[in-house]
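Trainee: Following this message is one structure expressed as structure tokens.
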Amino acid sequence: MRIPGWFPALTAIALLCAPTLADADPPGVNLRWDQCLADGGVQFRDFACDTNSGSERLVASFQLPAGMADATGLEAILNLASAGAALPAWWSFKNVGTCRQNAAATQLTLPAGSVNCVDWAGGLASGGIANYLIGDQGPNHARIVMATATGPPGVPVPAGREYFAFTITISHAKTVGTGACAGCLEPVVVFLSALTVTSFTPGSSVVITQGTNGDDTRWVSWQHGHPINVVQGCERRLEDGSCFHPTVFFDVVSAVTATRNSTWGAVKSLYR
């Protein structure tokens, strides 16, 4: 199993965030299509795969377990997998020579129409997709490593409300016609495995590895893919026992199926 070694040092800028909401969900991360969870983002997306025009929008958001006085940036790991034996060419992004090299892009501004979701950095963050690792956990898997940051000295981020993290826009380019990339119709699941909110204060960074409503709020479906055998694991631990790369291991089926219990060892064997 290949371990991505890219985690940047991040800095920050002072910025006041909006006040907290009394009826906010528990701490955790969220991943939805179109909008943040609280603004009506949806979990399932089906596409006829009949046009090269338009795009899809993945929106990540989070809620802190406790307020931070000087947040400096975000580091995120997303894992995606397809129902087939190999990741479809339609989902091959970023790397030189992939079928849809330029079809995935990052935006760090709030989606239009956002009401209940607040940009933690007030529009001043920069960054994007650092790595898109195809085959990281097996031939039908890919891993997205994200990193964003502001400038020093850090941003106060109160707890108790949903914060926008980033958007990944997926273009429909090369879906049909000459040069089309196969596999658009194949079921896929995307999981937000972990989000680290970094801090200007040493030792104060927070790693969030659960959804605001269990696993359900941190995965999205493409073409009605559904995750089974979901296991929260760790690919590498530091000397102090903390997890350097929290990740979710899972399989994908093409219809809603009851999750089967699996041991960590059994799931790891799928990706050797």
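We did not get these values from a lab; they are worked out from the coordinates using the rules stated. Model, not experiment: these values are computed from the prediction. In this analysis, Cβ positions are derived from the backbone assuming ideal geometry, glycine residues included, and neighbour counts consider all displayed protein chains.
Trainee: Would you please classify the overall shape of the range 28-226 from the alpha carbon gyration tensor, given that a ≥ b ≥ c denote the square roots of the eigenvalues, rounded means a/c under 1.5, and beyond that prolate means a/b larger than b/c while oblate covers the rest?
Mentor: Prolate shape, in that a/c is at least 1.5 and a/b is the bigger ratio.
Trainee: Amide H of G41: which non-local residues (sequence gap of 5 or more, or other chain) have their own amide H closer than 5 Å, using H built in the peptide plane?
Mentor: Result for G41 returns Q35, C36.
Trainee: Go through 105-115, 130-140 and give me the packing order, highest mean Cβ count within 10 Å leading.
Mentor: 130-140, 105-115
Trainee: Okay, moving on. Where does each of R45, R57, R236 land when they are ranked from fewest to most other beta-carbon atoms within 10 angstrom?
Mentor: Fewest-to-most Cβ neighbours within 10 Å comes out as R236, R57, R45.
Trainee: What list do you get for M146, M68 if you sort them by fewest beta carbons within 10 Å?
Mentor: Fewest-to-most Cβ neighbours within 10 Å comes out as M146, M68.
Trainee: How do I129, I228, I208 rank when sorted from fewest to most other Cβ atoms within 10 Å of their own Cβ?
Mentor: I228, I129, I208
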